Every structure is written in structure tokens, then in C-alpha cells.
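Enquirer: The structure follows.
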Amino acid sequence: MRRFSLIAVPYIWLLALFLIPFLIVLKISLSDAALAIPPYAPQLDFAGGWGAVKAFFADLDFENFEFLTTDDLYWKAYLSSLKIALISTGFTLLIGYPIAYSMARAAPEWRPTLLMLVILPFWTSFLIRVYAWMGILSNEGLLNQFLLWSGLISEPLTILNTNTAVYIGIVYTYLPFMILPIYSALEKMDDSLLEAAEDLGCSRTSAFWLVTVPLSKTGIIAGCLLVFIPTLGEFVIPSLLGGSQTLMIGKVLWEEFFNNRDWPVASAVAIILLLILIIPIILFQRNEQKQREAEGQ
Amino acid sequence: MAQETLFEPWNDPNESPLIQFKNVTKKFGDFTAIDDLTQDIYAKEFFALLGPSGCGKTTMMRMLGGFETPTSGTIQIAGQDMNNVPPNKRAVNMMFQSYALFPHLSIYENIAFGLRRTDMAKGAIDARVNEMLKLTRLEKFAQRKPHQISGGQRQRVALARSLAKAPKLLLLDEPLGALDKKLRQDTQFELMDIQEKTGTTFVIVTHDQEEAMTVASRVAVMDEGRIIQVATPDVIYEAPNTTYVADFIGDVNLIKGTVELRVSSAPVNDPEPGAVAENIVDETPSPQPNKLGEWIHDKLLSPIIGERIEPIKRLPPPSTAELAASQEKMQTAQDGGLLLNWSDKNPTIIVSNGDETKDGATLTFAIRPEKLNISKTKPDAPNALQGKVIDIAYLGNVSTYYVELIGGQMIKAQMANARRLARRDITWEDDVWVSFTDTAGVLLER
């Protein structure tokens with residue numbers, strides 16, 4: 001009984017905070033929009049007895065999902081989100097890996113400090129940090145002022161409200177999520193492996209590609225998924241830093257909910273987004289499990 | 001043993017060494033890890049670097065591997081100066097202490113790793129890897145990952161991987177440190193076997209003296225960045241050149257005293273050398289000097305014939321049974337050598353293998369506990385000291401007796417437990433004789 005209750009806690013947690021909300025969203029996505037509060041129909045009416053429940057289920061349909069296929073806005077938004085998420089994950093990896101690598105190579109007494117510096121941005125609100133980027137990237141912003149002052153450019157660059165600004169914002173925000181798992185994989189690596197590789201005839205560079213990179217693979221996968229998954233549904237960064245042409249599914253979702261007040265379509269968008277994300281989430285879980293197995297040995 | 005005595009390139013002036021350390025010094029900041037070291041190592045040797053941690057043995061090996069460069073001096077391998085040659089350009093392979101197997105590669109790929117870095121053909125690589133797998137009896141595990149095999153198997157993979165490229169020189173850094181004792185012993189013999197089969201020069205670093213003695217053709221005992229003694233295991237053990245070496249290799253009793261030339265060739269404690277040779281039958285006490293005789297000797301004769309030797313306390317003549325027991329152990333002292341004066345209350349120790357030019361010096365007498373014999377009756381041995389058993393350490397096969405000699409000097413004697421423990425006749429607080437031959441120990445200067 002004790003054991004059962006122990007196991008039950010996380011499951012109740014998942015049930016209450018994931019499965020039930022998901023079922024509610026799923027139900028809304030199968031409903032029709034209505035000028036009412038809440039703005040969809042039908043409502044489940046237990047007072048009406050069995051007949052009412054039957055009528056309720058009869059009213060549910062996949063209309064909204066069909067609608068998503070008719071308007072190319074949606075699949076364009078999904079594709080564009082995927083593209084932005086993939087590209088920014090790539091950039092985050094390119095920037096994060098060398099940082100994590102040099103952290104892991106740093107003298108042991110420096111590592112806690114470096115680690116803290118990576119985590120430090122979390123001490124400030126995420127929104128404030130994104131707003132700060134608006135201050136930096138705008139036409140009159142710090143970056144343009146600096147470039148104009150140094151004479152590198154004569155006209156201010158338009159960065160804010162473009163996809164470039166979105167990439168900058170995403171890479172900046174999610175960089176720690178890339179650095180930390182890669183760092184933890186690299187830090188565990190035994191230096192003598194590199195010496196062994198050199199001893200067996202590798203140059204430093206080939207030792208890096210043949211030993212370091214494969215051994216930090218789990219860290220790379222974890223970092224990429226930790227960046228990719230939230231980026232795909234990202235809303236704040238594209239809406240604050242992106243322009244009208246920045247199409248991301250998070251923004252579409254928000255607009256359906258709050259501008260159009262079309263909860264059923266918005267729910268359908270969310271369900272599809274979730275289905276898309278399930279694949280990387282499963283991959284992430286597999287990766288974690290593999291890592292645990294490898295360490296368990 | 002017979003083979004090892006034949007293999008002595010270090011004594012052959014025509015042999016040129018494979019490895020030459022020439023005045024090599026290595027400093028890490030203020031710390032001197034290797035201090036002006038010069039040493040030759042010959043091809044096909046199994047050379048052991050032995051010492052406590054921090055003595056510089058690992059640094060020496062890492063310099064051979066190319067992971068460290070000397071601060072000054074040169075290291076030559078096969079006549080070529082290696083100071084600026086990176087590890088991947090050396091015909092040297094290393095077996096790491098942690099084995100450093102690549103966890104993401106299978107055993108097969110681990111062994112093939114070094115070969116794939118060369119321009120060897122695929123088929124040749126495969127053949128070589130299989131040969132290595134066979135040599136180390138790992139055929140069955142070829143497709144496993146390193147974490148799926150046992151410690152002993154991992155050790156063999158590490159060995160196979162470092163041998164795969166057929167290096168001129170194989171470095172082994174505490175290769176057996178992670179194995180338990182039984183496995184370690186088996187693996188030591190395997191190592192020697194493989195070394196013989198492949199004809200590779202092995203340099204092994206270890207802090208385990210037993211391991212060094214077992215596998216090596218020569219052992220270098222190191223301390224504080226210097227090599228103290230380089231010799232074959234038996235010489236290191238039987239004839240250490242310093243008390244440090246004597247103390248580091250195995251157990252040793254150290255007795256400090258001044259030496260003098262032995263006056264007569266006759267064994268001092270034995271009354272009649274002739275009789276000894278014929279297995280003394282009657283031991284009638286020889287005439288003892290009276291007070292006057294002693295006075296004359298001490299005051300007048302001692303500068304000429306040396307100090308009077310105190311006859312040690314005489315026991316009643318042995319019974320026939322005792323004689324029969326001691327006949328087997330009957331020993332007689334050789335001529336010459338030195339006498340060690342170390343205590344007023346004890347007889348001098350005869351060291352017939354002592355260097356006679358050292359007359360008058362203060363030296364330390366070193367003797368191994370197992371070279372001491374312990375008995376309740378006075379034995380017939382050139383050296384016999386009286387004492388009392390303070391403690392006994394029972395180790396199963398042997399027992400170590402801690403004997404306090406007259407005057408307080410503690411001495412360890414080790415005896416094989418030929419009898420069962422219950423039948424041991426010597427016990428705590430017993431008055432005993434500790435005896436040893438005149439050549440059992442050595443005199444050391446420092």
C-alpha cells in the first residue's frame with residue numbers, strides 16, 4: 001500500500017496537470033465556436049441525463065482539424081516554426097558546444113564560477129531580458145549606435161522585428177539549456193581517453209572528432225532537444241522581437257485564442273503542435289534512458 | 001630464472017640501448033619531478049619503475065610516451081631525439097592506468113582504433129585485430145562494449161589495443177592496479193608471456209614491489225625524482241645499495257653500528273671451526289681468559305690484534321637430541337669481512353661479506369626477517385642474539401616474531417609455519433635466540 005501510494009503521487013500529478021487539461025483541450029478542439037461564455041459549444045450537461053450526454057458526443061467532430069488543412073496559414077506556420085526551431089537549435093549548438101568544451105577544459109577551481117555565469121541570466125526575468133534585446137537591436141539601439149560610432153556602417157541596420165532578431169533572441173535565451181547538458185557530458189570524460197587516442201596515432205583534431213564528440217553525444221542530443229522543443233512553440237520571443245512576417249505557430253495560437261476568440265481552432269492547433277512535439281520528446285526520453293543505462297554500468 | 005640470467009644486455013658492452021635518458025630534468029613549477037636522470041633501457045627488456053607515489057616514475061613514463069617534455073636533457077629512442085616528437089608520431093604505445101578504453105566503441109573497434117589511423121588495408125587490420133583478440137583470449141567479446149566486460153577482460157583489451165600497432169616500446173602505467181590479488185598474479189604471468197611472445201620492450205610503472213619483482217628483468221627503484229638503484233630483482237632484494245631500497249622492497253631489520261675488520265678467520269662464536277665442519281659432536285667449553293688475561297688483552301694487545309671478543313654466555317652442552325636437530329642447520333662463518341659493533345650488551349655481528357675497506361665506518365646492517373632463525377635454545381650459527389618475544393603476527397603461511405633484543409633493539413624474524421599454530425612452541429614473553437648466517441645481511445652506507 002505504501003509503495004502504491006508512493007508511485008501514485010507522480011501519476012496523480014501527471015493526471016491532474018497533464019492528462020485532464022489535455023482531454024479538456026482535446027474536447028474543445030472537437031467543439032464548435034459559439035458566441036457564449038465559454039465560447040464554444042456543446043457544453044457537457046450531466047443534469048440532462050444519458051440522452052444529453054449522447055447528444056453531446058454526437059455534436060463533437062473533426063471540423064476544426066479539417067479547417068486547419070484548408071487554410072495554408074497553418075501549415076506554413078508549422079513549417080516556419082520548425083525551420084526557425086531547427087536553425088536556432090543549430091546556432092545554439094555551434095555557440096554552446098565551444099563554451100561547454102572550454103568550461104570542461106578549464107581548471108577545476110574555475111568551473112563552479114563559469115557554471116554560475118552560465119546560469120546567472122536566469123536570475124533576471126525572461127521578459128526583461130527579451131525587452132533588453134529590443135533596446136539593443138532597435139534602430140536607435142545600442143548595437144546600431146555602436147556600429148555607427150565605430151564607422152562600420154553609415155545607415156542603421158534594421159534588425160529588430162525581423163527573423164534575425166528572433167534567432168538572436170532564441171539563441172540567447174536557450175543557450176544555457178544547450179551548454180549545461182553538453183558540459184556535464186564533457187566534464188565526466190576521462191582525459192586519458194584523449195591521450196590514448198593521441199598515443200594510438202590521432203592528431204588533436206581527429207581525437208576531438210573520434211573521441212570527444214561521440215562521447216558528448218548524449219549531451220548534444222539532450223541540449224538540442226531542450227532547445228528545440230520549447231522553441232517550436234515559442235511565443236514571447238517572436239512576438240516581441242519578430243516582425244509581421246515572422247510566422248510561428250505559437251503566435252498563430254495566441255491570435256486564435258485572444259484575437260479571434262476561436263477556442264476550438266486554437267485547441268486544434270495546440271493538439272497538432274503536441275503531436276509534432278511527441279516525436280522529439282520520445283527521442284529525448286530514449287536518450288536520457290540510454291545515458292542512465294550507460295552510467296549504471 | 002635460467003633464461004633471465006642469460007638475458008643481460010645491460011652487461012654487454014656491444015649492445016646499444018633502445019632508450020636513453022640523458023641528464024633529464026622535469027620541473028612542474030617549483031616541483032622537480034625528475035632530477036638529472038640518466039638511464040639506459042635495452043630492447044626486449046621488461047623494465048620496472050618502482051617507487052612510492054610522487055617519486056617521478058609516472059612522469060618518466062609520460063615523457064617516454066610524449067605527453068610531457070623534459071625541462072632539460074634529452075630522451076632518445078633508438079638513437080633518435082624524441083623531445084619534439086608528439087605522441088602520435090612515436091613508435092611507442094601506452095597502456096593507461098585507467099585503461100582508457102573508448103566507451104562508445106566495441107572491443108574490436110577499440111583494438112582496431114590505432115590501426116585505422118594508419119594506411120593499413122582493411123583486410124590486414126582485420127587480421128591483426130583478430131590476432132590480438134586471440135593473443136589476449138578475447139575472441140568471444142569482440143562485439144561487446146567496454147562496460148559489458150569484467151575488469152580483467154578490460155585490462156586485456158587495453159593491452160591488446162596498445163600492442164596492436166606492434167610498438168617498439170610498450171609503456172604500462174600501473175596496469176594491474178585495479179585488479180584483485182588473484183587475478184593480478186595470473187595477469188602478471190600473462191604479461192610476461194606476451195612480452196616474450198611479441199619481443200616488445202616493456203616499461204612498467206608500479207608501486208607494487210611484488211609486481212615489479214615478478215615481471216621485470218630489471219627494476220629501477222626511484223625516490224624523489226632520482227633512480228636509487230637499478231638491478232635485477234634478486235640483486236635489488238638481496239643486495240640493496242641503500243637502506244631506502246632495502247626498506248622499500250620488502251621487510252627489513254636495520255641495525256646501525258660501527259664496523260671493524262675481523263681479527264681472525266675463525267668464526268668467533270664457534271669454538272672450533274674444524275669441528276664445525278664435521279658436525280660438532282662434543283662441545284667442551286674452550287678455556288676462558290681470567291681477569292688478568294682480559295686486562296692484558298684490553299690494555300696491551302687490542303691495538304695489535306683487535307678488540308677482545310666477549311664470549312657469549314655459554315649454555316650447558318647440548319643434549320644429543322638438540323644436536324641432531326641443529327645438525328641440519330649447522331653453519332659456519334666464512335673468512336674475512338667485517339664485525340659490526342652496535343650494542344654494549346650484545347655480541348658483534350659477523351658480516352663476512354662486508355667490504356673490508358670500510359673498516360671503522362658507521363654503517364647500517366640490513367637483514368631480511370625471513371633470513372633470521374628463531375629458537376629457544378642457543379643455535380649453532382655464526383650470529384646469535386638473545387632477546388624476548390614481544391609480539392607475534394600470524395600470517396597463515398608465515399609468522400612474524402617481534403623480538404626485543406637485550407638493550408631494547410627490536411627485530412623482526414619471519415618463520416614459516418611448518419607446524420600447526422596450536423603446536424607452536426615459541427610464544428609471547430619467551431626468551432629466544434635470534435640467529436643468522438654471516439652472509440645473510442648486508443652493510444649499507446646510507
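Enquirer: Which condition number does B:Ile236 fail, the rest of (1) crowded, with 19+ Cβ neighbours inside 10 Å; (2) within 21 Å of B:Thr362 (Cα to Cα); (3) of a type outside the set (Asp, Glu) being met?
Expert: Among (1) crowded, with 19+ Cβ neighbours inside 10 Å; (2) within 21 Å of B:Thr362 (Cα to Cα); (3) of a type outside the set (Asp, Glu), B:Ile236 violates only (2).
Enquirer: Which ones in region A:56-85 are under 19 Å from the mean Cα position of the chain (by Cα) and loosely packed, with under 15 Cβ neighbours inside 10 Å?
Expert: The answer is A:Trp75, A:Lys76, A:Leu79, A:Lys83.
Enquirer: Is region B:140-159 home to any residue that is within 9 Å of another protein chain (Cβ to nearest Cβ), under 30 Å from the mean Cα position of the chain (by Cα), assigned to a helix (DSSP H, G or I) and surrounded by 19 or more Cβ atoms within 10 Å (Cβ to Cβ)?
Expert: Yes: region B:140-159 contains one or more residues that are within 9 Å of another protein chain (Cβ to nearest Cβ), under 30 Å from the mean Cα position of the chain (by Cα), assigned to a helix (DSSP H, G or I) and surrounded by 19 or more Cβ atoms within 10 Å (Cβ to Cβ).
Enquirer: Let me confirm something: among B:Val403, B:Val389, which residue is over 21 Å from B:Thr243 (Cα atoms) and either at pLDDT 90 or above or not assigned by TED's automatic domain parsing to the domain that holds B:Gly306 (or both)?
Expert: B:Val389
Enquirer: If you don't mind, another one. What is the number of the single condition among (1) part of a helix (DSSP H, G or I); (2) within 14 Å of another protein chain (Cβ to nearest Cβ) that B:Lys165 does not meet?
Expert: Every listed condition holds for B:Lys165 apart from (1).
Enquirer: Within region A:162-214, restricting attention to residues that are of a type in the set (Val, Ile, Thr) and within 14 Å of another protein chain (Cβ to nearest Cβ), which residue is surrounded by the fewest Cβ atoms within 10 Å (Cβ to Cβ)?
Expert: Restricting to residues being of a type in the set (Val, Ile, Thr) and within 14 Å of another protein chain (Cβ to nearest Cβ), the top hit is A:Thr205.
Enquirer: For B:Asp126, work out the one condition from (1) among the acidic types (Asp, Glu); (2) away from every other protein chain (no Cβ under 14 Å); (3) under 36 Å from the mean Cα position of the chain (by Cα) it doesn't fulfil.
Expert: (3)
Enquirer: Counting only residues that are within 14 Å of chain A (Cβ to nearest Cβ) and within 30 Å of A:Pro214 (Cβ to Cβ), give me the strands (runs of 3 or more DSSP E) lying completely in region B:29-110 with at least 1 of them.
Expert: The qualifying strands (runs of 3 or more DSSP E) are B:92-95.
Enquirer: If a residue must be surrounded by fewer than 17 Cβ atoms within 10 Å (Cβ to Cβ) and over 12 Å from the mean Cα position of the chain (by Cα), how many such residues does region B:193-224 contain?
Expert: Summing the residues that are surrounded by fewer than 17 Cβ atoms within 10 Å (Cβ to Cβ) and over 12 Å from the mean Cα position of the chain (by Cα) in region B:193-224 gives 6.
Enquirer: Restrict the check to region B:3-17 and report whether at least one residue is surrounded by fewer than 22 Cβ atoms within 10 Å (Cβ to Cβ) and assigned to a strand (DSSP E or B).
Expert: No.
Enquirer: Taking the condition more than 24 Å from the chain's Cα centre (by Cα), more than 14 Å from chain A (Cβ to nearest Cβ) and hydrophobic (A, V, I, L, M, F, W, C), does B:Leu18 pass?
Expert: Against the criterion (more than 24 Å from the chain's Cα centre (by Cα), more than 14 Å from chain A (Cβ to nearest Cβ) and hydrophobic (A, V, I, L, M, F, W, C)), B:Leu18 qualifies.
Enquirer: Now for a different question. Find the helices (runs of 4 or more DSSP H) located wholly in region A:183-297 whose residues include 1 or more that are within 30 Å of A:Asp71 (Cα to Cα) and among the small types (Gly, Ala, Ser), and list them.
Expert: Per the criteria, A:236-241, A:249-254, A:263-296.
Enquirer: I would also like to ask the following. Given the criterion closer than 28 Å to A:Phe67 by Cα, among the small types (Gly, Ala, Ser), surrounded by 10 or more Cβ atoms within 10 Å (Cβ to Cβ) and without any contact (Cβ under 8 Å) to a residue 12 or more places away in the chain, identify the matching residue among A:Ala16, A:Ala52, A:Ala41, A:Ala36.
Expert: One residue alone meets the criteria, A:Ala52.
The values are calculated or read from the model by the stated rules, or taken from the named source; none is laboratory data. Quantities reported herein were computed from a predicted structural model and do not represent experimental measurements. So basically every Cβ, Gly included, is an ideal-geometry build from the backbone, and we count neighbours across all protein chains shown.
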